[in-house]
Every structure is written in C-alpha cells, then in structure tokens.
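Each reported figure results from applying straightforward, stated rules to the coordinates on display, with no laboratory input. Here the structure is a predicted model, which is why all the values come from computation and not from measurement. Here the Cβ positions follow ideal geometry from the backbone for every residue, glycine too, while neighbour counts run over all protein chains shown.
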Amino acid sequence: MNFDQAFERLLGHEGGYVNDPRDPGGETNWGVSKRSYPNVDIKALTQDDAKAIYRRDFWAPVRADELPDGVRFDVFDAAVNSGASQAAKWLQRAVGANPDGVIGAQTIAAARVAGPQLAAHFNGYRLQFYTDNGNWATFGKGWARRVAKNLLALEA
C-alpha cells in the first residue's frame, strides 16, 4: 500500500468537518485538528491540504514507506489518531524494541522480520492504550471500531 492508497483508506476513518466540544482536539476537518494546527483555518481546509499534512506529519515520521505492507496502514492510521510518537511506541513494543517513540533502523529491521502477527500485536497494544485513556467513555466505541476495521482488513 502506498501513501495515496493509505490516504484514501484513512478517509474512511476520518470524516469531514466536526466541532465536538468533547473532543480534546477541538474543531476537526479531514481528521486535522485545531489543537494540533492552531494556525490552520480548519473549516476551510481542503482535502488536498489535509493530504499534504498527513504525508509530512504522519506518514514520513513513522517511515511508513519502509515498513512491511502488512502493518504500514495500521501504523500510519495510529499516528494520525494518536500521534507519530505514540504509534512508534506501539510498533516498538510489538517488535520487542525499546519504545522510545522514534522509528529508526532497528525498529524497521525488527518489523521486517516480525512476521504476519505483527499487525495484530500492534493493534493489541493500541487498543490496550485506548481502554486506559480517560476519554474512553466518550470516544472508546469509535476507537474500538477503528482498530476492529484494521484487524478485519488483515490478510489471512
């Protein structure tokens, strides 16, 4: 899966404009939040502008092009939903690396030899984190559905 394919799939998780006062990210469009991008006119954000943000701030930092295809989307999706550093930590835990939050050569190498169970382990760490999150009561159902969709998309 390349970036363009991943972005199209991501839009299935991220909707258009939302301004839910319960969301700690605040005003959001295409999944891009005002909290993370205070200088962006979120309501006027175009899909192409959002795509550029996703490539630069989420795809590139998790080195998605270098990850095994079987976990590439899951790590990218998690970076968008929880931050690149947190996604890196889940991947590092899943491959038995030091969870420092930065995907480097050792994490990439470990991911490449981890085998087909890597995405399931990654999503397990992700779901475990969400259930411990203080916003679980408000957003947990959506987070769980997001992880479930990723798990159901895994190739057998």
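The 3J(HN,Hα) values that the Karplus relation (6.51, -1.76, 1.60; θ = phi - 60°) gives for segment 125-138 are, in residue order, 5, 5, 5, 4, 4, 4, 5, 8, 6, x, 9, 4, 4, 8 Hz. Gly and Pro appear as x. Phi angles of segment 103-108 translate, via the Karplus equation with coefficients 6.51, -1.76, 1.60 and θ = phi - 60°, into HN-Hα couplings of 7, x, 4, 5, 5, 4 Hz per residue; Gly and Pro are given as x. Highest mean packing comes first when the peptides 22-30, 102-110 are listed by Cβ atoms within 10 Å, giving 22-30, 102-110.
Computed about the Cα centre, the dipole magnitude for the chain is approximately 340 debye when only Lys and Arg (+1) and Asp and Glu (-1) carry charge, each at its Cβ. Residues ASP77, ASP57, ASP69, ranked from the fewest to the most other C-beta atoms within 10 Å, line up as ASP69, ASP57, ASP77. Using 0.36 nm per residue and subtracting the Cα-Cα separation, the extra length available between ASN98 and ALA137 on full extension is 11.0 nm. Within the straight-line cut-off of under 19 Å between alpha carbons, the lysines reachable from LYS34 are LYS43, LYS51, sequence neighbours fewer than 8 places apart in one chain being disregarded. Relative contact order of the chain, taken over Cα pairs closer than 8 Å and 6 or more residues apart, is 15 percent. One Cα centroid belongs to segment 42-83, the other to segment 86-156; the line between them spans 15 Å. For the Cα atoms of the chain, what angle does the longest principal axis make with the long axis of helix 84-95, in degrees from 0 to 90, nearest 10? Computed tilt is about 20 degrees.
By the count of other C-beta atoms within 10 Å, a proxy for reagent exposure, ARG35, ARG72, ARG55 are ordered fewest to most as ARG35, ARG55, ARG72.
Couplings 3J(HN,Hα) of segment 111-122, computed from phi: 5, 5, 10, 5, x, x, 7, 4, 5, 5, 5, 4 Hz, in residue order, whole Hz [Karplus 6.51 cos²θ - 1.76 cosθ + 1.60, θ = phi - 60°; x for Gly and Pro]. Is the chain rounded, prolate or oblate when judged by the Cα gyration tensor, a ≥ b ≥ c being the square roots of its eigenvalues, rounded requiring a/c under 1.5 and prolate requiring a/b larger than b/c? Taking the square roots of the gyration eigenvalues as a ≥ b ≥ c, the chain is prolate.
Within the straight-line cut-off of under 20 Å between alpha carbons, the lysines reachable from LYS149 are LYS141, sequence neighbours fewer than 8 places apart in one chain being disregarded.
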